[in-house]
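So the structure is just underneath, and the comments pick up after that.
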Amino acid sequence: MKPLDVITIGRSSVDLYGLQVGGRLEDMGSFNKYIGGSPTNIACGAARLGLKSGLITRVGDEHMGRFIREQLVREGVDVTGVVNDPERLTALVLLGIRDEDTFPLIFYRENCADMALRETDIRQDYIASARAVVVTGTHLSNPRTEAAVLKALGFARDSGAKTALDIDYRPNLWGVAGHGDGESRFVASREVTEKLQSTLHFFDLIVGTEEEFHIAGGATDTVAALRAVRAVASATLVLKRGAKGAVAFEGDIPDSLDDGISGEGFPIEVFNVLGAGDGFFSGLLKGWLDGEGWSTSLKYANACGAFAVSRHGCTPAYPSLTELEFFLQRGIQRADLRNDTTVEQIHWSTNRHRNHGEDWRDYRVFAFDHRIQLEQIPGYTLERGGAFKELCLQAALQVQAGRPGYGILCDNRIGKKALHAASGSGLWIGRPCEWPGSRPLTLEPELGSDYGGLSEWARDNVVKVLCFCHPDDDAQTRADQEATVNRLFEASRRNNLEFLLEIIPSKVGPVNDETTAILIQQFYDIGVFPDWWKLEPMKTSAAWSNTIAAIEQNDRYTRGIVVLGLDAPEAELVASFEVAASFELVRGFAVGRTIFGDVARAWMKDEIEDAAAVEEMAKRYGRLASIWDKARLAAREKAA
């Protein structure tokens, strides 16, 4: 057993993907930012499928380089081999989707960081830690990066690791096409062919499209090209044939490509082919390294490629293992996979990331997103309210002390400075949308009538909405509120933001052990799948059991539940924590006025200084966190 299954080596970039589909790249007005570069995509795709992957590359010592490194960690990719280059910028790629056959792109790679990879970046012990090493063709195009790749392949042979090549031919990255020809997939070049053929004997597996084997074999007849590759390499050759699927050749190349080993294919609607080959390679690695036969490995690869061509972006399109297994078992129900709501829900919920590898089963959230409650305190002004929320953030950070599992709820209308300052702090951050106290539910005007304001939110903000609702609501009230929640949920997903739904029935009518469970089912019935639920503390185990059953039978992958405080005295919270903590789906608490209420009133009247206010709120917040931790520990010990 080795620590890693696979290490990929080579390109690493930031992809800026045009959001407007059907137009020229010249006309793109907005972009989504993803990580990119074939080896980077393959490492992430493999990690999503449960393989332990690592990446060797260079990134700039700047914002985009840090983005790549942080996203790799979120994806579960080992970054031991990612080197910060202090002299060069991270590579960028601009991409667009014109139609199913046209995908314009521009590489910004002049003297970029990943092309500065050198032999000293290749460590023998790191290569020896993996079962397989994957390289891509671009890094054979430059003497310095080629030397690094060959050194890695030598170490791989010494350690018994398998070796694989993704030919990954981009003519303009080899200098045989211009900057404006980033979309080009084939330009004949004797020099490129000779360079590739001088290295093909190093590999156990070689993967490419027909055009890529044409350049590797030096012939535009595919069978002839494959035979030319076979003459210098004993590797298994995997030929990607687009809509025809893929075939593998372990020995001599037959006269017909159809006589190779094939795997089940998946006829789906093509939306975006960019990055599809990297998704394909990830699935192929899953089968190959798990010891599956080529037919099964190709089935995995074809399925992962199908997901890739059906979605926007490269790495974001690749499936999780759970998603792949579900798809293979259920099959295709509609050709446009990105519009298959069941598959997309599994894709979203099994690929969202937060501090990959850390145990965030317990969340301790300081909620100071209150607006009306502060505005009603004597001495309040908007400026003073904002200043107080900055003190709340200081208290939260003091208790957090860099540890995972702590968070805040903070609004933008009063607490803008605190909200913005919290970004990147490691805190879980929830941000409210509801107009305080509204029923039927209405939202903060800053979102706009189309909820387009969500596009301006930081990506680490969780959309939180509070709905006062009850099973006995009249039909019109229920319809109005559900429509608002559903629209906000869809807008959150469109903007890649997690969604928290808070429901409080006790303010509307009498509650029993079934009330919350009934409400939860009603929201699932209209297609709302919150990442988080924020619920009132329930006094009985039966109420919690009913509630959790309603969630789990609809969404096995929900993040979980946090319990709200409702300005309850600490003693009442202790009792509610003891009941809630026995249910693992209850992840923790989100409590506010119990922590800051008295302090806010004193501070607004200048009866307490800033430092004392921070200290008192930190003490209360820390004590509640300790109470929750003790309740959880006791519950787990009892269950054990």
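Taken about its Cα centre, segment 328-464 carries a charge dipole of roughly 240 debye when the Cβ of each Lys and Arg holds +1 and the Cβ of each Asp and Glu holds -1.
The protection proxy used here, the mean number of other Cβ atoms lying within 10 Å of each residue, ranks peptides 302-308, 88-94, 398-404 as follows, highest first: 302-308, 88-94, 398-404. Which of 539/605; 195/286; 52/299; 2/244; 33/151; 286/534 have a Cα-Cα distance over 26 Å? Violating the 26 Å limit, Cα to Cα: 539/605; 195/286; 2/244; 33/151; 286/534. Working ranking of peptides 160-171, 189-200 by packing, defined as the average number of other Cβ atoms within 10 Å per residue, highest first, is 160-171, 189-200. Take every pair of alpha-carbon atoms less than 8 Å apart whose residues are at least six positions apart; their mean separation over the length of the chain yields a relative contact order of 9 percent. Rounded to the nearest 20 debye, the dipole size of segment 81-234 about its Cα centre is 500 debye, using +1 on the Cβ of Lys and Arg and -1 on the Cβ of Asp and Glu. Whole-Hz Karplus values for segment 85-90 come out as 9, x, 9, 10, 8, 5 Hz, taken residue by residue from phi with 6.51 cos²θ - 1.76 cosθ + 1.60 and θ = phi - 60°; glycine and proline positions read x. Over all alpha-carbon pairs in segment 387-458, figure out the percentage whose distance exceeds 13 Å. Tail of P(r) above 13 Å: 67 percent of Cα pairs. The reciprocal of the average 1/r between distinct C-alpha atoms defines the Kirkwood hydrodynamic radius, which for the chain equals 26.7 Å.
Each of residue 630 and residue 102 was given a label point 7 Å from its Cα along the Cα-to-Cβ line. The distance between the two points is 6.9 nm. Ordering of 478-486, 550-558, 594-602 by packing is 594-602, 478-486, 550-558, highest average first (other Cβ atoms within 10 Å, averaged per residue). Antiparallel beta bridges, as assigned by DSSP with both residues in the chain, represent about 20 percent of the total such bridges.
Residues in the chain average 40 Å² of solvent-accessible surface per residue, probe 1.4 Å, ligands and nucleic acids excluded. Projecting the Cα atoms of 393, 275, 95 onto the charge dipole of the chain (Cβ charges, centred on the Cα centre) puts 393 farthest toward the positive pole. Counting protein heavy atoms only, the chain has 49 percent of its accessible area on carbon and sulfur, 1.4 angstrom probe. In angstrom, the C-alpha Rg and Dmax of segment 442-553 are 14.3, 41. Over all Cα atoms in segment 1-144, the spread is summed up by Rg and Dmax: 15.7, 51 Å. In terms of overall dimensions, the C-alpha atoms belonging to segment 545-635 reach 51, 25, 20 Å along their principal axes, ordered largest to smallest.
Once the chain from residue 446 to residue 118 is taken as fully extended at 0.36 nm per residue, the excess over their C-alpha distance is 113.1 nm. Between residue 387 and residue 188, the distance separating the two model label sites (each 7 Å from Cα on the Cα→Cβ line) works out to 7.7 nm. First measure r as the distance between the Cβ atoms of residue 524 and residue 2, then evaluate 1/(1 + (r/R0)^6) with R0 = 45 Å and state the FRET efficiency to the nearest 0.05. For R0 = 45 Å, the calculated efficiency reads 0.55.
Projecting the Cα atoms of 308, 617, 573 onto the charge dipole of the chain, computed from C-beta unit charges around the Cα centre, puts 617 farthest toward the positive end.
The values are calculated or read from the model by the stated rules, or taken from the named source; none is laboratory data. All figures in this text were calculated on a predicted structure; none of them were measured in a lab. Neighbour counts are summed over all protein chains in view; Cβ atoms, including those assigned to glycine, are modelled from backbone coordinates with ideal geometry. Side chains are part of the model used for accessible areas, which takes the heavy atoms of the whole protein and leaves out ligands, DNA and RNA. Shrake-Rupley method; radii C 1.70, N 1.55, O 1.52, S 1.80 Å.
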